[in-house]
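Structure first, commentary second.
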């Protein structure tokens, strides 16, 4: 059995961003059923990495990430 490819979706900032991150993850899971979605910072190199940050409130920690 081939291990699933990892897709990391990290959201920072406002509550709306976390909701958007979950929507993005659902869309990615639908389009890529053979992939594993994580909301945590991955310990291994992911196949794709989505960083969703809030530009309105600003978050210097997110930008450093």
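The values are calculated or read from the model by the stated rules, or taken from the named source; none is laboratory data. Given the structure is predicted, the values throughout are model-derived calculations rather than measurements. Glycine gets a Cβ as well: all are built from the backbone with ideal geometry, and neighbour counts include every protein chain shown.
So the values come out like this:
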{"quantity": "Residues satisfying the stated conditions in the stretch 19-65, i.e. in a helix (DSSP H, G or I), loosely packed, with under 15 Cβ neighbours inside 10 Å and modelled with pLDDT under 90", "calculated": "60, 61, 63, 64"}
{"quantity": "Residues (surrounded by 12 or more Cβ atoms within 10 Å (Cβ to Cβ) and either in a loop (DSSP other than H, G, I, E, B) or under 10 Å from the mean Cα position of the chain (by Cα) (or both)) located in the stretch 1-18", "calculated": "4, 7, 8, 9, 10, 11, 12, 13, 14, 18"}
